[in-house]
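Single-structure report; data block below.
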Amino acid sequence: MSAEKKKALFICLGNICRSPIAEGVFQKTVNDMNIGDQWEIDSAAIGSWHVGHSPDWRALDTMKKHGVPYDNCARQITTEDFNNYDFIFGMDETNMKDLNKRAPKGSKAKLLLFGDFDPQGDRIIRDPYYDSDSKGFEKCYQQSVRCSKGFLEHLQKS
Ligand code: 4NP
């Protein structure tokens, strides 16, 4: 395929819980559809607290349990990301407010709430970082599976 790759960036507050799961699941979804070579995919944080860190162990456990490979470390979003990526996905309304605030004028990326592509209409991927268990991570995984498929179907139709 000679067409330019489409580029998607997944964002959350810390880049150690939700956006790594969304990134890993989206990558696995396109790989399983044999269209992985058409995509460039990454994730990043709004904040800088966890830059260079691997995801939270509960995020890694959840991905492992579902056969989602993951080997990336946290980084913070940059101004260039807004002109490099075609799609930047936030996980909740606060992410969307922060993304809209940081986007340079006229930048290329479409800023999208990932949950808007959930056919079940569960629009917010809640932050599970302060939870005392892993249930929120499993829920984030399930939402990411539905939203990845939903977004790719949306792209095919548009
Ligand atoms: P995430 O979760 O945004 O899904 O990666 C968080 C991780 C860390 C923090 C907040 C949310 N923190 O404040 O350190």
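Within region 19-138, considering only helices (runs of 4 or more DSSP H) that don't extend past its boundaries, which have at least 1 residues that are of a type in the set (A, V, I, L, M) and touching a Gly at 6+ places or on another chain (Cβ under 6 Å)? Talk me through it step by step, then tell me what you get.
Working: elements: 57-65, 81-84, 93-102.
Because the criterion is at least 1 residues that are of a type in the set (A, V, I, L, M) and touching a Gly at 6+ places or on another chain (Cβ under 6 Å), the helices (runs of 4 or more DSSP H) in region 19-138 that meet it are 57-65, 93-102.
If the requirement is being under 27 Å from residue 130 (Cβ atoms), at pLDDT 95 or above, near the ligand (Cβ under 10 Å from one of its atoms) and loosely packed, with under 14 Cβ neighbours inside 10 Å, which of these qualifies: 49, 57? Full working, then the answer.
Details: 57 fails: near the ligand (Cβ under 10 Å from one of its atoms).
Within the list 49, 57, the selection yields 49.
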> Do the conditions hold for residue 81, that is, is it charged (D, E, K, R), under 19 Å from residue 104 (Cα atoms) and touching a residue at least 40 places away in the same chain (Cβ under 8 Å)?
Replying inline: yes
> Can you name the condition, by its number, that residue 152 falls short on among (1) in contact with a strand residue (DSSP E or B) (Cβ under 9 Å, 6 or more places away or on another chain); (2) away from the ligand (no atom under 16 Å from the Cβ); (3) touching a residue at least 40 places away in the same chain (Cβ under 8 Å); (4) closer than 18 Å to residue 25 by Cα?
Replying inline: (1)
> Has region 11-29 got at least one residue that is surrounded by fewer than 19 Cβ atoms within 10 Å (Cβ to Cβ) and either small (Gly, Ala, Ser) or in contact with a helix residue (DSSP H, G or I) (Cβ under 8 Å, 6 or more places away or on another chain) (or both)?
Replying inline: no
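So that you can scan it fast, the table gives a plain yes or no per residue for (1) touching a residue at least 60 places away in the same chain (Cβ under 8 Å); (2) closer than 21 Å to residue 35 by Cβ; (3) of a type in the set (A, V, I, L, M, F, W, C):
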site	(1), (2), (3)
93	no, no, no
115	no, no, no
124	no, no, yes
132	no, no, no
139	no, no, no
156	no, yes, no
> Any residue at all in region 70-85 that is touching a helix residue (DSSP H, G or I) at 6+ places or on another chain (Cβ under 9 Å), of a type in the set (Val, Ile, Thr) and farther than 17 Å from residue 10 by Cβ?
Replying inline: yes
> When the residues of region 1-18 are filtered to those that are in a loop (DSSP other than H, G, I, E, B) and either charged (D, E, K, R) or within 11 Å of the ligand (Cβ to nearest atom) (or both), which remaining residue is farthest from the chain's Cα centre (by Cα)?
Replying inline: 4
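Restricted to region 109-148, and to residues that are of a type in the set (Lys, Arg) and closer than 17 Å to residue 20 by Cα, which residue is farthest from the ligand (Cβ to nearest atom)?
Of the residues in region 109-148, the ones of a type in the set (Lys, Arg) are 110, 123, 126, 135, 139, 146.
With the extra rule that they be closer than 17 Å to residue 20 by Cα, the set shrinks to 126, 135, 139, 146.
On the way: 126: 9, 135: 14, 139: 12, 146: 18 Å.
Checked region 109-148; the qualifying residue farthest from the ligand (Cβ to nearest atom) is 146.
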> Which of (1) out of contact with any Pro (no Cβ under 6 Å at 6 or more places or on another chain); (2) within 16 Å of the ligand (Cβ to nearest atom) does residue 43 not meet, given it meets every other one?
Replying inline: (1)
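The values are calculated or read from the model by the stated rules, or taken from the named source; none is laboratory data. All values reported here derive from a predicted model rather than from experimental measurement. Neighbour counts run over all protein chains shown; Cβ positions are idealised from the backbone, glycine included.
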